[in-house]
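The values are calculated or read from the model by the stated rules, or taken from the named source; none is laboratory data. Values in this document were obtained by computation on a predicted structure and should not be read as measured data. Cβ coordinates were reconstructed from backbone atoms using ideal geometry, including for glycine residues, and neighbour counts include every protein chain displayed. These accessible areas exclude ligands, DNA and RNA; they are computed on the full protein's heavy atoms, side chains included. Shrake-Rupley method; radii C 1.70, N 1.55, O 1.52, S 1.80 Å.
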Amino acid sequence: MLENCILLSLFAKENLGQMSEEQLSRYDRLINEPSNDWDIYHWATEAKPTPAEFEHDVMAMLREFAKNRNREQRLRQPDLEYLFE
């Protein structure tokens, strides 16, 4: 779904380079294990409570990122060139 693609790709661009191996593992599990993409979106936006197995520092980082306190325009996924910098 587009909402998650935008949210997760921008979060990844901003955070993956600074995350520990353990955090990367938790992020990977978070984006791959839930069977419903809407669940991730609802947890990140706090529309629904996060299940205990996904309640960790990476989820807290994602929730904070989703708040968009700087009011950035987040209309599309980033280009992938940042992966090769």
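Can you tell me how many residues in segment 6-24 are over 13 Å from the mean Cα position of the chain (by Cα) and surrounded by 11 or more Cβ atoms within 10 Å (Cβ to Cβ)? Steps first, please.
Filtering segment 6-24 for residues over 13 Å from the mean Cα position of the chain (by Cα) gives 17-18, 20-22.
Applying the additional criterion that residues be surrounded by 11 or more Cβ atoms within 10 Å (Cβ to Cβ) yields 22.
The number of residues fulfilling the criteria is 1.
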Six or more apart or on different chains, Cβ under 6 Å: which pairs go from a residue in segment 40-65 that's open to solvent by less than 60 Å² (accessible area, probe 1.4 Å) to one that's not in a helix (DSSP H, G or I)? Could you list them?
Ile40/Pro34; His42/Lys48; Trp43/Thr50; Met59/Thr50
Give Ala52, Ala60 a once-over and let me know the one that is over 12 Å from the mean Cα position of the chain (by Cα) and of a type in the set (A, V, I, L, M).
Ala52
Can you run down the residue pairs with Cβ atoms below 8 Å, 6 or more apart or on separate chains, where the first is in segment 14-25 and without any contact (Cβ under 8 Å) to a residue 12 or more places away in the chain and the partner is surrounded by 13 or more Cβ atoms within 10 Å (Cβ to Cβ) and of a type in the set (Phe, Trp, Tyr)?
Leu16/Tyr27
From (1) at pLDDT below 80; (2) within 19 Å of Tyr27 (Cα to Cα); (3) surrounded by 12 or more Cβ atoms within 10 Å (Cβ to Cβ), pick out the condition that doesn't hold for Arg74.
(2)
